[in-house]
1. Of the conditions (1) at pLDDT 95 or above; (2) over 22 Å from G139 (Cα atoms), A51 fails just one. Which one is it?
2. Under 7 Å by Cβ, and 6 or more places apart or on different chains, what pairs join a residue from region 8-25 that is within 13 Å of D59 (Cα to Cα) with one that is open to solvent by 20 Å² or more (accessible area, probe 1.4 Å)?
3. Against the definition (under 28 Å from R175 (Cα atoms) and over 17 Å from the mean Cα position of the chain (by Cα)), how does A52 come out, yes or no?
4. Considering only region 103-114, how many residues are over 20 Å from N40 (Cα atoms), open to solvent by 60 Å² or more (accessible area, probe 1.4 Å) and in a loop (DSSP other than H, G, I, E, B)?
5. If you scan region 188-215, which residues turn out to be closer than 12 Å to D232 by Cα, of a type outside the set (G, A, S) and surrounded by 15 or more Cβ atoms within 10 Å (Cβ to Cβ)?
6. Just one of (1) in contact (Cβ under 8 Å) with a residue 12 or more places away in the chain; (2) open to solvent by 30 Å² or more (accessible area, probe 1.4 Å) trips up S218, so point out which.
7. When region 137-157 is examined, which residues are found to be in contact with a helix residue (DSSP H, G or I) (Cβ under 7 Å, 6 or more places away or on another chain), in a strand (DSSP E or B) and either closer than 14 Å to P216 by Cβ or open to solvent by 30 Å² or more (accessible area, probe 1.4 Å) (or both)?
Amino acid sequence: MNYKIQISKSVEELSEQFAQLLIHKINNYKDHFHIALSGNSTPKSIFEYLAAYHKTTIDWNKIKYFWGDERCVPPTDSESNYKMANDALLSKLQISASNIFRIEGESNPTDEAKRYSELIAKILPQKNELPRFDIIMLGLGEDGHTASIFPNQKSLLSSDKIYATAVHPATEQIRITLTGKVLNNASTVVFIATGKNKSKVVDEIINQKENYKNYPASFINPQNGELYWLLDNAAASQIEKSKSEVKK
């Protein structure tokens, strides 16, 4: 696995690391920049940080905004990834509505996965006969899931669909998610993980230990792109421990 790890002392420092990565990537593009956003608490903190400290340092209208996955709920629902990103970041910037492409979680999941796949195929540039995102933000579950690809649904890693439906194994909530081939076709993938509860799975994936092959996230490694891990000290603590044990 080829990757770059950046370890931060705080979520604020991690957010600045992401901001600088985004600025660097956008500055190298003349045309529109295509990003797939992630949900959950740490991305929310990053979005709030960007809105507070980078409102004018980033050309936000150069970006076209998509989502890597979405819960099948209305856009007003507190569980909506779109709502979180819009409340924390997008609504606070002067962004053209034509640049924002949400997954319609209130629609029939199968129909919406097909519609959104067709939209992505039409808008994004192609590489390897697949859509190519410039940056995909990804979270990491304690069970090793990423986007909405769960350990019991690893067939989505090799699916020929762009987006597909998934089911949360515990809540049975229906999701719509990017599939593995498109994730691995991205120019840049950024895993974002914070907290001690993520340290074990982070260590196992990065160092390919124990049960790492059971984790969908361990299969995300763009062959023609870059892979970043943005971690805080707590999430990286087991990696550092492993390095110390090797030195002994």
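1. (2)
2. Matching pairs, first to second residue: I23/T57.
3. Here the answer is no, as A52 does not meet what is asked.
4. Residues meeting the conditions: 1.
5. F191, I192, T194, K198, V202
6. (2)
7. Result: T146, I149.
Conditions (1) free of Cβ contacts under 8 Å to residues at least 60 places away in the same chain; (2) part of a loop (DSSP other than H, G, I, E, B), marked per residue:
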| site | (1), (2) |
| --- | --- |
| S159 | yes, yes |
| V202 | no, no |
| N224 | no, yes |
| A235 | yes, yes |
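The values are calculated or read from the model by the stated rules, or taken from the named source; none is laboratory data. These numbers come from a predicted model, not from an experiment. Here the Cβ is made from the backbone with ideal geometry for all residues, glycine too, and neighbour counts use every protein chain on show. Note: accessible area is taken over every heavy atom of the protein model, side chains too, but ligands, DNA and RNA are not part of it. Shrake-Rupley method; radii C 1.70, N 1.55, O 1.52, S 1.80 Å.
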